[in-house]
Amino acid sequence: MVNGKENTNYVLNCFTCGEKYNDLQKPMRRCKKCGGNLRIIYNYDKIARKINRRVLESRKPGVWKYKELLPLKNASKIINLGEGGTKLHKCEKLAKILGVKELYAKDETRNPTGTFKDRPATVGILKALEFNIKAVVIASDGNAGPATAAYAAKAGLKCYVFMPVITPWERIIQVEMFGGKVIRVEGTISECIDLLTKAQEQYGWYQLTTAIPCNPYQAEGPKTIAYEICEDLKWETPDWVVIPVGGGGLLTANWKGFREFFRLGFIKKLPKIAAVQAEGCAPLVKAYNERKKGEEIENWGIPESLAISIGVPFPLDGASALEAVKESKGYAVAVSDKEILKMEKLLGETEGVFAEPAGIASLAGVKKLIKEGVIKKEEKIVFEVTGSGLKDFQSAKKMCEKPPRIKVNLEEIESALKYWENKR
């Protein structure tokens, strides 16, 4: 039974004790009975009577084309900046280099603020407006902060963003350009989240940190990536979907999206899910390799990787992400910064997609899993590119040459051309 009047569209279900709630009066964050995490469950039978593949195909691309599968009560509150509907890029040149038959990049750099975080932001800000919230707050190591600030600006809400001091200035500037108020914290992203969770009640903030324990609603946005992959592949699923992992929320959301489409009969099989982390911060991979349960994931400590956006010492959605990897018969792998940077340059040179290190860790994982024989060369692979390289120039600079400088003189052009020929 749902506590209080039943909400016929969705309920919030506790992961731990199974208690169910509606949110007709106020937003929910944790289970009132046991303090467990909440997940949103829909009336799938009712949804199946409303939509089918043909209905979805007739709608314009974007997150909200899947409105029946999102926690929406008031459509007039939607803040839409053009998020979602990103390209599934067939990587023919890259596939030849890696020796695989079929390879695709889900290019989330095309979202309004350059990352997949626009998907949770549009859902999170919708809920803030539905609940008449005046100020939102988020802990972010770079991408969710700018996204939330942008949507809050459009909605007319105050927005505070707590960011670790190691956050690149490109991202801090982006937040401030959207009117967000940045507070830099001398600690890790996990410590930022802990601090914010303690402070939110005192200041009356509505937290939109992109982790289910902090806000179960926003987690529904990223699952639309899985929906779009299925549609773009003509309602077939790839053999593998390879995803960068920081807090674990993106992977968890993807798996939920695939399972929901499978339950609705839109697809006939489920993909294997591979989690990729940086070697300098890989708590989920460590737990996977040691065959531990989700609740046994340990805090990594201080991250040591240039892939800042996935350098999360303690992944709040790690348990559900690890469960998804195992349930899908997938895999978890860690990659080095060197491997990440090489793939960042290779993707740009071969396919014209510029990704940040965290956003391209997935491709480094693809290469490693092919080499190890986990992914077979005849299998269909999708890797998710989660953030634009414009977010982190300092890392990209490590892979670039200093261009030659010449005077306005035709004779000097030849020397410049020879310079580049020698760099091949």
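The values are calculated or read from the model by the stated rules, or taken from the named source; none is laboratory data. Since the structure is predicted, the reported quantities are computational estimates derived from the model, not experimental observations. Methodologically, a virtual Cβ is constructed for each residue, glycine included, from the backbone with ideal geometry; neighbour enumeration extends over all protein chains shown.
Things worth noting here:
- Residue in segment 349-363 that is more than 18 Å from the chain's Cα centre (by Cα), crowded, with 19+ Cβ neighbours inside 10 Å, of a type in the set (A, V, I, L, M, F, W, C) and not in a helix (DSSP H, G or I) present: no
- Search result, residues across segment 57-77 that are aliphatic (A, V, I, L, M), at pLDDT 95 or above and outside any helix (DSSP H, G or I): LEU70
- Cβ-Cβ under 7 Å pairs, at least 6 apart or on other chains, segment 316-338 side closer than 22 Å to ALA364 by Cβ and in contact (Cβ under 8 Å) with a residue 24 or more places away in the chain, far side in a strand (DSSP E or B) and β-branched (Val, Ile, Thr): ALA324/ILE273; VAL325/ILE273; SER328/ILE273; GLY330/ILE273; VAL333/VAL276; VAL335/VAL276
- Scoring GLY180 on the criteria (1) over 16 Å from the mean Cα position of the chain (by Cα); (2) closer than 28 Å to PHE131 by Cβ; (3) small (Gly, Ala, Ser); (4) modelled with pLDDT under 95 leaves a single failure, condition (4).
- Some residue of segment 27-45 being assigned to a helix (DSSP H, G or I), at pLDDT 90 or above, out of contact with any Asp or Glu (no Cβ under 8 Å at 6 or more places or on another chain) and within 26 Å of ALA128 (Cα to Cα): no
- Only a single item in (1) surrounded by fewer than 24 Cβ atoms within 10 Å (Cβ to Cβ); (2) of a type in the set (S, T, N, Q); (3) closer than 19 Å to GLU327 by Cα is not met by ASN254, and it is number (1).
- Considering segment 230-348, the qualifying helices (runs of 4 or more DSSP H), each wholly inside and each with 1 or more residues that are within 17 Å of the chain's Cα centre (by Cα) and among the β-branched types (Val, Ile, Thr), run over 249-263, 318-327.
- In segment 368-386, residue farthest from the chain's Cα centre (by Cα) [restricted to those that are buried (at least 23 other Cβ atoms within 10 Å of the Cβ) and of a type outside the set (Phe, Trp, Tyr)]: ILE375
- Single unsatisfied condition, GLY265 versus (1) touching a residue at least 40 places away in the same chain (Cβ under 8 Å); (2) under 26 Å from ASP141 (Cβ atoms): (2)
- Exactly one residue out of CYS31, CYS91 is buried (at least 17 other Cβ atoms within 10 Å of the Cβ), free of Cβ contacts under 8 Å to residues at least 60 places away in the same chain and either more than 30 Å from SER388 (Cα to Cα) or of a type outside the set (Gly, Ala, Ser) (or both): that is CYS31.
- Here LEU129 does not fit the description of being at pLDDT 95 or above, within 21 Å of ASN254 (Cα to Cα) and hydrophobic (A, V, I, L, M, F, W, C).
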